[in-house]
1. Looking only at region 1-46, filter to residues that are modelled with pLDDT of 80 or more and among the small types (Gly, Ala, Ser); which one of those is surrounded by the most Cβ atoms within 10 Å (Cβ to Cβ)?
2. Might you check whether a residue that is in the same structural domain as ALA151 (by TED's automatic domain parsing) and at pLDDT below 60 occurs anywhere in region 91-101?
3. Restricting attention to region 57-81, which residues are farther than 13 Å from GLN33 by Cβ and either modelled with pLDDT under 60 or not in a helix (DSSP H, G or I) (or both)?
4. Mind counting the residues in region 47-56 that are at pLDDT 80 or above and closer than 14 Å to ILE18 by Cα?
5. Which condition from (1) charged (D, E, K, R); (2) over 18 Å from LYS6 (Cβ atoms); (3) more than 34 Å from the chain's Cα centre (by Cα) is the one that GLU58 breaks?
6. Restricting to region 23-36, name every residue that is under 38 Å from the mean Cα position of the chain (by Cα) and closer than 9 Å to ILE54 by Cβ.
7. Could we say that ILE121 is at pLDDT 85 or above, under 24 Å from the mean Cα position of the chain (by Cα) and outside any loop (DSSP other than H, G, I, E, B) here?
8. Pairs under 6 Å by beta carbon, first residue at positive phi in region 13-38, partner part of a loop (DSSP other than H, G, I, E, B), six or more apart or different chains?
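The values are calculated or read from the model by the stated rules, or taken from the named source; none is laboratory data. The model shown is predicted, which means the values in this text are computed figures rather than measured ones. So basically every Cβ, Gly included, is an ideal-geometry build from the backbone, and we count neighbours across all protein chains shown.
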Amino acid sequence: MFPDKKMVSVMKEGKNLIENNASGWVEASVGAQVYALVMQYILKGSLEAIPQAIRNTETVIEFTKFIDENNVMEQEFQLSEDVEEEQKLQTISSTIKEMNLSPREQEVLDLVIQGLNNKEIAQELYISGHTVKNHVTKIFQKLEVPDRAHAISKVYQLKYKSS
């Protein structure tokens, strides 16, 4: 933070440093040095714009550390959706199998995790909606959870604990 009263003089002094290629750097105020560094970094997009003659000064070293610590590199890896979904389902299915559920309850829970409602689960498994409701109730009791969201959360918690 620059004091309001000094801001204009700091900016002028910083602009002079930029225009004169950091000539007079040592004599300039720290505020002007920081202003010049920030402006050069913003305009050029990298630390390469900093003149070689001043790279070993304390202000530049601290600024460089700050930039290095705060720059986040993002890298995205794209897997084919089929492989990713298959792996996700396999790990979820294996986690569900480790729970103390009957095979049918495991099937129902797997479909709950996939986002199906009771009617859709009934159609998928060729059972009545009432039977699905009974299975879901038993699953909640065995997992000691009050609802679907908590059941799903518990499965993922167990998945990540085991991996």
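1. Per the criteria, the residue is ALA36.
2. Here is the first cut: in region 91-101, the residues in the same structural domain as ALA151 (by TED's automatic domain parsing) are 91-101.
Remaining after also requiring at pLDDT below 60: none.
The answer is no; no qualifying residue exists.
3. ASN71, VAL72, MET73, GLU74, GLN75, GLU76, PHE77, GLN78, LEU79, SER80, GLU81
4. 1
5. (3) is the only condition that GLU58 fails.
6. If the condition is that a residue be under 38 Å from the mean Cα position of the chain (by Cα) and closer than 9 Å to ILE54 by Cβ, then GLN33 is the only one that fits.
7. no
8. The qualifying pairs are ASN21/PRO51; ALA22/PRO51.
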